[in-house]
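**Q** For reference, the structure I am asking about is given below.
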Amino acid sequence: MSHVLIIGAGGVGSVVAHKCAQLPEVFTSITLASRTLSKCEAIAASVKERTGVEIATAALDADKVLETVALLERIKPDLLLNVALPYQDLPLMDACLEYGVDYLDTANYEPPDVAKFEYKWQWAYRDRFKKRGIMALLGSGFDPGVTNVFTAWAAKHHFDEIHLLDIIDCNAGDHGQAFATNFNPEINIREITQRGRYFEHGEWVKTDPLSWSMTFDFPEGIGPKKCYLMYHEELESLVQNIKGLKRARFWMTFSEQYLTHLRVLENVGMTRIDPVSFQGREIVPIQFLKAVLPEPASLGPLTKGRTCIGCLMRGIQDGKEKQLYIYNICSHEEAYREVGSQAISYTTGVPAMIGAKMMLEGKWKQPGVWNMEEFDPDPFMEDLNRYGLPWTLVTMP
Ligand code: NDP
């Protein structure tokens, strides 16, 4: 008997709701709460139609701690699963502390007024969560999330030490729009326009935004694609938790068309995150931009093709050098057929469901605040194969 409270009725929230409903033996009761009630209701109707499961809905402003505590007191869930925006991470962790319930998210906290991708704010809750006897699992999406688990699994079974890690995220899909982002546009553009950063020999090396690229030949017919070096939050925890790492980098593919649009939007100031005065009131340009771009959830029926996200690792085992590549390929069309969403939401929502399942089944359960690679990767890897994100391991020359 487990009751999960999902917060956030966007692209990812919809996938999480559908996937949890497919497992009534684990998630016996589901409540979906978000700022806009009608979005929760539309998802609940789709869940009912596809799985026959009824889920409860609620309106909630998750920035307001007392409002969340009141909802927790009313519905008494066993887990709060946060797939709203990174801005809500801290108020929701405060509410979990106040009421006393476990917490899970898929993206690290960001202060709205400065695009910083650091775990320091959430790691600062470690002692309080421990003392309260509750657990927080951070970053249970694909990247962060599955990429952390892939690395931990390789470290456990295939290496004595991993020395070089490259996380490579490819979206080889096409939605046919001139410019759109596959998850929340504000969060996505804030991340991509930051300076790049990678870890080498114990230090962080900074690069100009999207100034480094390489071509990687993706498997199973996807073929060679240009990938750009970016900073990504899982690097911060992985370099602490995976012993022996000498270099860790993150790469993502972007089409020329996407980059050209982004460059123009940046040049004209539309990606700014500071307020500007407009017709007597203050607006934040990137928030206005979000309002005119397609909603990520609307891309579901339009997107064709596949994603391929994986970890390329080099290290030693029994004194010998080896190189491995572990990846998942996910089809946008198949994800849409199954849950009505494109693969970016799907590849985030499935691991969020599996992380919740690990906690509710007691496989990953310890008071405190944890990153994904700190738990036994084996049951999570098994569930990826079982619930829609099968992975492949390749030994590279
Ligand atoms: P969306 O913008 O589609 O959805 C976000 C939802 O959160 C919306 O329904 C929004 O409500 C709701 N929301 C926003 N603010 C509040 C609030 N104050 N109170 C209650 N609800 C609120 O985003 P996505 O679904 O694409 O992304 C969800 C999360 O997943 C993000 O944090 C994103 O960073 C993360 N993510 C993680 C990935 C990973 O691999 N780890 C990959 C992709 C995304 P409303 O619609 O009313 O505004």
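The values are calculated or read from the model by the stated rules, or taken from the named source; none is laboratory data. Note that the structure is a prediction, hence the values are computed from the model and not measured. Note: ideal-geometry Cβ built from the backbone for every residue, glycine included; neighbour counts use all protein chains shown.
**Q** So for segment 47-68 (the condition being within 10 Å of the ligand (Cβ to nearest atom) and either closer than 17 Å to residue 350 by Cα or among the polar types (S, T, N, Q) (or both)), does at least one residue qualify?
**A** yes
**Q** Moving on to the next point. Mind listing whichever residues of segment 317-328 are surrounded by 14 or more Cβ atoms within 10 Å (Cβ to Cβ) and either charged (D, E, K, R) or assigned to a helix (DSSP H, G or I) (or both)?
**A** Hit for segment 317-328 is 322, nothing else.
**Q** Would you be able to say whether some residue in segment 202-218 is under 22 Å from residue 392 (Cα atoms) and aromatic (Phe, Trp, Tyr)?
**A** Yes, because at least one residue in segment 202-218 is under 22 Å from residue 392 (Cα atoms) and aromatic (Phe, Trp, Tyr).
**Q** Run down 38, 14 and say which single residue is near the ligand (Cβ under 10 Å from one of its atoms) and surrounded by 17 or more Cβ atoms within 10 Å (Cβ to Cβ).
**A** Every option except 14 fails the conditions.
**Q** Next up: Looking at this structure, is residue 28 without any contact (Cβ under 8 Å) to a residue 60 or more places away in the chain and either surrounded by 24 or more Cβ atoms within 10 Å (Cβ to Cβ) or more than 9 Å from the ligand (Cβ to nearest atom) (or both)?
**A** Yes; evaluated as a whole, the condition is true for this residue.
**Q** Hey, can you tell me all the residues within segment 161-187 that are polar (S, T, N, Q) and assigned to a strand (DSSP E or B)?
**A** Selection gives 171 alone.
**Q** Another one. Pick out the one residue from 277, 331 that is surrounded by 13 or more Cβ atoms within 10 Å (Cβ to Cβ) and either polar (S, T, N, Q) or touching a Gly at 6+ places or on another chain (Cβ under 6 Å) (or both).
**A** Selected residue: 331, the only one of 277, 331 that is surrounded by 13 or more Cβ atoms within 10 Å (Cβ to Cβ) and either polar (S, T, N, Q) or touching a Gly at 6+ places or on another chain (Cβ under 6 Å) (or both).
**Q** Please find, within segment 298-316, the residue that is farthest from the ligand (Cβ to nearest atom) out of those that are more than 30 Å from residue 152 (Cα to Cα) and surrounded by fewer than 21 Cβ atoms within 10 Å (Cβ to Cβ).
**A** Going through the qualifying residues, I end up with 304.
**Q** Residue by residue through segment 1-37, note down the ones that are within 18 Å of residue 76 (Cα to Cα) and at pLDDT below 95.
**A** Of everything in segment 1-37, just one residue is within 18 Å of residue 76 (Cα to Cα) and at pLDDT below 95, namely 1.
**Q** Quick check on my filter: what residues within segment 155-175 are touching a strand residue (DSSP E or B) at 6+ places or on another chain (Cβ under 8 Å) and more than 16 Å from the ligand (Cβ to nearest atom)?
**A** Scanning segment 155-175 gives 155, 158, 159, 160, 161, 162, 163, 164, 165, 166, 172, 174.
**Q** Then there's this: What are the residues in segment 347-374 that are under 24 Å from residue 127 (Cβ atoms) and either within 13 Å of the ligand (Cβ to nearest atom) or β-branched (Val, Ile, Thr) (or both), if any?
**A** 355, 369, 371, 372
**Q** What about residue 95, is it part of a helix (DSSP H, G or I), within 14 Å of the ligand (Cβ to nearest atom), hydrophobic (A, V, I, L, M, F, W, C) and at pLDDT 95 or above?
**A** Yes, satisfied.
**Q** Among all residue pairs at least 6 apart or on different chains, which show Cβ distances below 8 Å where the first residue, located in segment 130-152, is farther than 10 Å from residue 238 by Cβ and the second is part of a helix (DSSP H, G or I) and acidic (Asp, Glu)?
**A** Short answer, once both residue conditions are applied: 139/234; 143/234; 145/234; 149/373.
**Q** Take segment 135-145 and flag every residue that is in contact with a strand residue (DSSP E or B) (Cβ under 7 Å, 6 or more places away or on another chain) and surrounded by 22 or more Cβ atoms within 10 Å (Cβ to Cβ).
**A** Passing the criteria: 136, 137, 138, 139, 140, 142, 143.
Let's see how each residue does on (1) in a loop (DSSP other than H, G, I, E, B); (2) away from the ligand (no atom under 16 Å from the Cβ):
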| residue | (1), (2) |
| --- | --- |
| 104 | no, no |
| 108 | yes, no |
| 112 | yes, no |
| 118 | yes, no |
| 122 | no, no |
| 131 | no, yes |
| 149 | no, no |
| 153 | no, yes |
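**Q** Quick one: how many residues across segment 180-212 are within 16 Å of the ligand (Cβ to nearest atom) and touching a helix residue (DSSP H, G or I) at 6+ places or on another chain (Cβ under 8 Å)?
**A** So the count comes out to 12.
**Q** Answer yes if at least one residue in segment 249-264 is more than 16 Å from the ligand (Cβ to nearest atom), in a strand (DSSP E or B) and surrounded by 15 or more Cβ atoms within 10 Å (Cβ to Cβ), and no otherwise.
**A** Looking for residues that are more than 16 Å from the ligand (Cβ to nearest atom), in a strand (DSSP E or B) and surrounded by 15 or more Cβ atoms within 10 Å (Cβ to Cβ), one finds at least one in segment 249-264, hence yes.
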